[in-house]
1. In this structure, is A:Gly336 over 30 Å from B:Ala258 (Cα atoms), more than 24 Å from the chain's Cα centre (by Cα) and at pLDDT below 95?
2. May I ask you to list the residues in the stretch B:75-88 that are within 7 Å of chain A (Cβ to nearest Cβ) and more than 15 Å from A:Val64 (Cα to Cα)?
3. Out of the residues in the stretch B:148-170 meeting the condition of being hydroxyl-bearing (Ser, Thr, Tyr) and open to solvent by less than 20 Å² (accessible area, probe 1.4 Å), tell me which one is farthest from the chain's Cα centre (by Cα).
4. For the structure I just gave you, tell me whether A:Leu173 is open to solvent by 10 Å² or more (accessible area, probe 1.4 Å), assigned to a helix (DSSP H, G or I) and either in contact with a helix residue (DSSP H, G or I) (Cβ under 6 Å, 6 or more places away or on another chain) or in the same structural domain as A:Asp277 (by TED's automatic domain parsing) (or both).
5. Any chance the stretch A:275-289 includes a residue that's away from every other protein chain (no Cβ under 12 Å) and touching a Leu at 6+ places or on another chain (Cβ under 6 Å)?
6. Out of curiosity, is A:Leu63 in a helix (DSSP H, G or I), at pLDDT 80 or above and within 24 Å of A:Arg110 (Cβ to Cβ)?
7. Scan the stretch A:285-323 residue by residue and report those that are open to solvent by less than 50 Å² (accessible area, probe 1.4 Å), in a strand (DSSP E or B) and not charged (D, E, K, R).
8. Based on this model, can you work out whether B:Asp238 counts as among the charged types (D, E, K, R) and not assigned by TED's automatic domain parsing to the domain that holds B:Gln268?
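The values are calculated or read from the model by the stated rules, or taken from the named source; none is laboratory data. What you see is a predicted model, and the numbers here were worked out from it, not measured in a lab. Quick reminder, even Gly has a Cβ in these numbers, built from the backbone with ideal geometry, and neighbours come from all protein chains shown. For accessibility, only protein heavy atoms count, side chains too; no ligands or nucleic acids. Shrake-Rupley method; radii C 1.70, N 1.55, O 1.52, S 1.80 Å.
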Protein chains: 2
Amino acid sequence: MNLKQLSQLLGLSQTTVSRALNGYPEVNAETRRRVLEAVRETGYRPNRAAQRLATGRAGSIGLVMPTADGIYSDVHFGEFLAGLGDEAVKHDFHFVINPSHPDDEAATCRKLVASGNVDAIFLAYMREKDPRIPMLKSLKTPFVVHGRTIGVPTDYPFLDIDNTGAFYDAARLLAQLGHRHFALINGPDHLAFAMRRKKGAKRALAEHGLTLPEECIYHARMTDEQGFQAMERFLRLDTPPTAILCSSTVLALGAVRAINQAGLKLGQDISLIAHDDVLPMLRPENFSVPLTTTRSSLRAAGQRIAQRLIAGILNLEVLPQQELWKTDLIVRASTGPAPAGKPA
Amino acid sequence: MNLKQLSQLLGLSQTTVSRALNGYPEVNAETRRRVLEAVRETGYRPNRAAQRLATGRAGSIGLVMPTADGIYSDVHFGEFLAGLGDEAVKHDFHFVINPSHPDDEAATCRKLVASGNVDAIFLAYMREKDPRIPMLKSLKTPFVVHGRTIGVPTDYPFLDIDNTGAFYDAARLLAQLGHRHFALINGPDHLAFAMRRKKGAKRALAEHGLTLPEECIYHARMTDEQGFQAMERFLRLDTPPTAILCSSTVLALGAVRAINQAGLKLGQDISLIAHDDVLPMLRPENFSVPLTTTRSSLRAAGQRIAQRLIAGILNLEVLPQQELWKTDLIVRASTGPAPAGKPA
């Protein structure tokens with residue numbers, strides 16, 4: 001089956017079929033649907049190299065995946081990738097993923113652009129004054145950043161959630177409930193999202209005349225084990241916190257176990273709010289005591305970023321280049337008034 | 001910085017530097033280390049297109065990622081990908097990932113090969129009589145299968161764990177401990193690994209004159225929520241099982257919560273063995289009652305498959321083409337003798 005045969009089968013011109021396959025906007029949705037259905041049924045394979053010569057496009061998005069011995073895989077990465085995939089599959093785009101030691105991410109990213117294998121770059125795991133931003137701005141390849149860096153002008157395309165606002169809202173609710181002793185179980189301290197969450201929490205506490213002492217801040221990879229260790233450490237303090245902010249439901253899993261093992265009741269003796277990326281394997285509403293959360297779907301973010309990148313490459317539509325998504329603060333049973341035995 | 005300048009800087013011939021960069025075995029490890037270090041320091045970028053012309057290789061491994069609205073991302077996929085990445089980064093290989101609706105996996109895989117963008121294919125999520133095996137055997141591109149299909153000759157390169165043996169071992173231990181009523185919380189019923197685990201469990205039970213009734217088998221995606229629902233259903237049976245086999249620590253998370261909510265004691269009233277892929281975000285030894293498991297590292301499997309694929313592409317060494325890894329049965333506190341109140 002070649003393009004000519006496929007076109008004859010459909011009763012369409014080769015130009016129309018080719019345009020439908022390559023996502024040109026002038027082909028209407030119904031025609032595109034018919035073409036894609038025929039492609040699936042007949043097993044027609046467009047010659048990628050020929051397609052690339054004709055369109056000048058590789059049909060791909062490039063990503064760098066940090067990996068190394070001792071560096072854990074991240075459930076959040078897989079969920080985000082699924083979101084990118086949801087959108088990419090609609091336009092027959094693929095991903096080129098370069099694994100990289102975390103210290104080499106900028107060099108790997110540059111190499112990925114130079115390879116000519118990608119039409120656009122997706123960037124994540126933003127750090128303070130991240131060198132990848134000026135590097136990518138100096139090149140011609142379009143890119144979208146998931147998150148935002150800190151300490152450089154925000155004049156590049158991004159999609160981020162309002163991490164500062166999320167943890168401001170969470171800390172404020174707990175302060176309004178009378179809590180005076182707070183702790184934060186956060187992501188790695190060199191990542192921008194973690195810095196912003198800490199800032200948001202501190203801002204809300206300051207408005208209530210409260211502080212977040214250094215001994216009540218724990219930075220770690222997002223695993224069950226780290227959540228457990230953080231909570232155990234907090235419970236050994238002279239004045240243990242009664243209000244816990246937690247950067248992931250995965251961390252919360254371990255924190256809740258430590259709370260249970262200490263014989264404390266979640267939502268009564270101690271309150272906890274976790275950030276919920278809407279990971280399908282772990283839902284906050286299914287915890288024994290359902291968790292109050294700040295919620296934003298990581299998969300939806302992946303879908304949106306892929307949509308923006310592909311729309312740009314194919315000139316499908318003009319979409320906003322900078323988006324800051326508010327999170328939802330959803331109250332469940334893990335939050336309650338500060339216990340009476342713990343006055344300010 | 002071009003190849004000539006890089007070679008002069010290192011005091012090596014261009015041929016040697018090029019061979020080191022392209023993973024030829026005749027370059028010794030120390031030289032390769034020096035070259036890669038210089039590449040990192042100088043930001044030298046080999047021209048991928050030129051490299052490809054010279055070597056005839058794309059330097060890449062192709063994967064199909066099943067994705068669709070309503071299809072959950074899989075934490076196991078991310079962990080496996082990290083393992084592939086550990087090895088790929090050593091040889092400057094990248095991944096080309098085509099997202100695909102699960103029903104289109106064979107067509108997407110064929111398209112990936114036809115694109116000419118990949119040197120080898122990695123295949124997973126094997127089903128009974130999987131059509132991708134004969135399809136790939138008819139093409140020239142090397143491939144390795146993670147898992148094995150059922151119902152076709154096993155005459156292709158694979159790496160699998162002994163799923164039958166793992167669940168045979170687990171069921172046998174519980175039968176030896178006096179349990180008579182078993183249940184299985186398994187993966188999706190169309191996937192080969194889930195079929196083999198059921199077979200292994202049934203075989204051990206048959207040797208003890210026991211059966212696994214249909215109402216005690218639950219097939220589901222590997223999420224916390226599904227584990228909870230499965231266990232709740234089992235506990236409502238007229239004769240609830242006292243011995244639970246579980247295909248993932250993620251499923252076990254929900255199952256254990258249902259056990260706790262029913263006021264039952266794990267390891268006393270009810271025993272549970274889970275399969276442990278060694279997911280870093282969830283460790284069986286950290287459960288409140290540490291879990292007995294059948295263990296095999298998914299990340300190690302990813303590393304090994306990447307090693308085999310890359311060794312084949314670069315002619316580095318001859319590695320076995322078919323590997324069946326035994327799992328470890330590790331006994332912890334979640335298993336104990338059948339409760340006295342539940343005679344056979």
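1. On the way: over 30 Å from B:Ala258 (Cα atoms): no; more than 24 Å from the chain's Cα centre (by Cα): yes; at pLDDT below 95: yes.
Taking the combined requirement at face value, the residue does not satisfy it.
2. Selection gives B:Val75, B:Phe77, B:Glu79.
3. Per the stated criteria, the residue is B:Tyr156.
4. Numbers: open to solvent by 10 Å² or more (accessible area, probe 1.4 Å): yes; assigned to a helix (DSSP H, G or I): yes; either in contact with a helix residue (DSSP H, G or I) (Cβ under 6 Å, 6 or more places away or on another chain) or in the same structural domain as A:Asp277 (by TED's automatic domain parsing) (or both): yes.
Criteria met by A:Leu173.
5. In the first step, residues of the stretch A:275-289 are kept if they are away from every other protein chain (no Cβ under 12 Å); the result is A:275-276.
Still in the list and also touching a Leu at 6+ places or on another chain (Cβ under 6 Å): none.
The answer is no, given that none of the residues of the stretch A:275-289 is away from every other protein chain (no Cβ under 12 Å) and touching a Leu at 6+ places or on another chain (Cβ under 6 Å).
6. Against the criterion (in a helix (DSSP H, G or I), at pLDDT 80 or above and within 24 Å of A:Arg110 (Cβ to Cβ)), A:Leu63 does not qualify.
7. Result: A:Thr292, A:Thr293, A:Thr294.
8. Values: among the charged types (D, E, K, R): yes; not assigned by TED's automatic domain parsing to the domain that holds B:Gln268: no.
It is false that B:Asp238 is among the charged types (D, E, K, R) and not assigned by TED's automatic domain parsing to the domain that holds B:Gln268.
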